[in-house]
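Derivation of every value follows stated rules applied to the coordinates shown; laboratory data play no part. Remember, it's a predicted structure, so these values are computed and weren't measured experimentally. We place every Cβ from the backbone using ideal geometry, glycine too, and count neighbours over all the protein chains shown.
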Ligand SMILES: [Ca+2]
Ligand SMILES: [Ca+2]
Ligand SMILES: [Ca+2]
């Protein structure tokens, strides 16, 4: 019995993350959001952390997996590619695994860092904004 205080704290913390992410997104600069140490580039650790945040942000029913309906902006093809065990859901590792491939593709000078220009090529998990 009794209220699980620790758990409530985690939920509140999660909300803070979501709120700060949403606030930064409103300011339209996801690059600054990802570049935590402010050195002007996104390293793989920073990228991974950001992807984990996005994963939990997208996981609206909080089952730690993304259903196609939760993976906004991910094309059906990209979703299938990322869904390695073919269970119709993206686990955290499946999601981040697919995004790391994006990171490597965007890192055109292969220095393991994304500059602002390179990061723009990754985009918000959308292959095309034109398709609406
Ligand atoms: Ca950085
Ligand atoms: Ca989910
Ligand atoms: Ca899966």
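For 53, 77, what's the fewest-to-most ordering of other Cβ within 10 Å of each Cβ?
77, 53
Starting from the Cα of residue 52, step 7 Å along the direction of its Cβ; do the same at residue 84; then give the gap between the two resulting points in nm.
1.8 nm
Taking every Cα atom in the stretch 30-122, find the radius of gyration and the maximum pairwise distance Dmax, and write them in Å.
Taking only Cα atoms of the stretch 30-122, I get Rg and Dmax of 13.5, 39 Å.
At a Förster radius of 22 Å, what calculated FRET efficiency corresponds to the Cβ-Cβ distance of residue 104 and residue 32, to the nearest 0.05?
Efficiency, from the Cβ-Cβ distance: 0.50.
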